[in-house]
Amino acid sequence: MSGQSNEADENAVGAAGFGLRKIIHVDMDAFYASVEQRDDPSLRGKPVAVGGSSERGVVAAASYESRVFGVRSAMPSVRAARLCPGLIFRKPRFDVYRAVSQQIRAIFETFTPHVEPLSLDEAYLDVTDDLRGIGSATRIAQIIRAEIRAQTGLTASAGVSYNKFIAKLASDENKPDGLCVIRPGEGVAYVASLPIRRFHGVGPRSAEKMARLGIETGADLATKDIAFLRANFGSFADYLYRAARGVDLRAVRADRPRKSLGGERTFDRDISSGSALREALDNIVDIVWERIDKAGSRGRTVTLKLKHIDFTILTRARSMPHAVADKREFAQLGHALLDALLPLPQPIRLMGLTLSALEGEEDEIEEQGGQLSLL
């Protein structure tokens, strides 16, 4: 494994062979929080959290200074404040983050048209045939990081490898402001060394199940045959089998269709009455359908998400044989899912609604959903 920057040419990374490409995954460092620190010099070097500071607030992003205290994104703000007494909260400014993201995207596109954004702060680039004729994926990643710093005042980390799966893993290795290169000859050993929780798509529950089956690392996973994996993990098995062997055949897809569009809202106070829940759902429908309409998307599956006061999460979904026609049908399906759960056994602190199975989507591991917090 090459865990540091170098000038070596990646001829091996672009070598002829099925699925071998020159792929870079660029991930901005603590993006939202870093933008806040950039724009307000008094915040530099201090623990910062972007998100609501109220009792029902949630951390959307945490600076590295706050992470040393255990503060993480998606953490309740009250818990974050307990962990880090000097934590400074800033409300999100998504218009600013989007503008900076567009600056960064413009930098990417001077190297390749093959740019697949996963969110405002990360993207894949296929530089097998780069526009500047540089030839070295490592050198391109170095230049991109330098140009991002010069134009935005922010730092980015990057992973360079022969496929998307490993490039994204590599971008986490030397954060913040780091670069990691994994060549084809190193891929299998690199994946084998990783804890299974690092594999994209393996959540806490999946990791617990794998641990019960004796799978703790990539090396453990590689010992399991496809029949065993299919028996225990169903449709997820093929992905796990390939990933354990350092294989990922997915192409970098510019402007790929979203898998889902939705939103969720954390309430200032817990709610449980039917009327309050229905009113909250109507508000979410209004906001989410505006996003769906603006994106020109249509989908067949509506999913309702509820988070109880004990932080347990309940989801219910309904799929239609046809695309949801309009806002009225979207609302009807959401309300039908909610009504089937009433009365709730305990109050909720969060509600979300999502439209998925979007037209034009393809089956692949989803790395960034369309769900946004309605802060």
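Is any helix in the chain, taking whole DSSP H runs, at least 20 angstrom long along its axis by alpha carbon and on average at least -0.5 on the Kyte-Doolittle scale, and which ones? Taking the DSSP H segments of the chain (at least 20 Å long, mean hydropathy at least -0.5), we get 94-108, 137-152, 274-295. For Arg349, nonlocal amide neighbours, meaning residues 5 or more places apart or on other chains whose placed amide H falls under 5 Å from its own, are Lys307, His308, Ile309.
Computed extension length for Asp326-Ala295: 9.8 nm, one decimal, from 0.36 nm per residue of separation with the Cα-Cα distance subtracted. Scanning residues 5 or more positions from Ser260 or on other chains, those with amide H under 5 Å from its amide H are Gly370, with H placed 1.01 Å from N in the peptide plane.
For the listed peptides 152-164, 41-53, a ranking on the average number of other beta carbons within 10 Å per residue, highest first, reads 152-164, 41-53.
Taking the centroid of alpha carbons for each part, segment 217-267 and segment 62-129 are 23 Å apart.
Per-residue extension of 0.36 nm, minus the Cα-Cα distance of Ala189 and Ser119, leaves a gain of 22.3 nm for this segment.
Segment Ile134..Val68, full-extension length gain: 20.0 nm, with 0.36 nm per residue of separation and the alpha-carbon distance subtracted. Taking amide H as placed 1.01 Å from N in the peptide plane, Leu118 has its amide H under 5 Å from the amide H of Ala123, Tyr124, each at least 5 places away in sequence or on another chain.
Given R₀ = 45 Å, FRET efficiency for Ser53-Gln102 by Cβ-Cβ distance, to 0.05?
Numbers: r = 28 Å, r/R0 = 0.63.
Given R0 = 45 Å and the Cβ-Cβ separation, E is 0.95.
Backbone geometry of segment 342-357 corresponds, through the Karplus equation with coefficients 6.51, -1.76 and 1.60 at θ = phi - 60°, to 3J(HN,Hα) couplings of 7, x, 6, x, 7, x, 10, 10, 8, 9, x, 9, 9, 10, 9, 6 Hz, x marking Gly and Pro.
Sorting Arg93, Arg183 from the fewest to the most surrounding beta carbons within 10 angstrom yields Arg93, Arg183. Applying 1/(1 + (r/R0)^6) with r as the Cβ-Cβ distance of Thr223 and Ile143 and R0 = 35 angstrom yields a FRET efficiency of 0.30.
Only the coordinates and a few stated rules stand behind these numbers; no lab work does. The structure displayed is predicted, hence computed values, not measured ones. Counting neighbours? That spans all protein chains shown, and the Cβs are built from the backbone with ideal geometry, glycine included.
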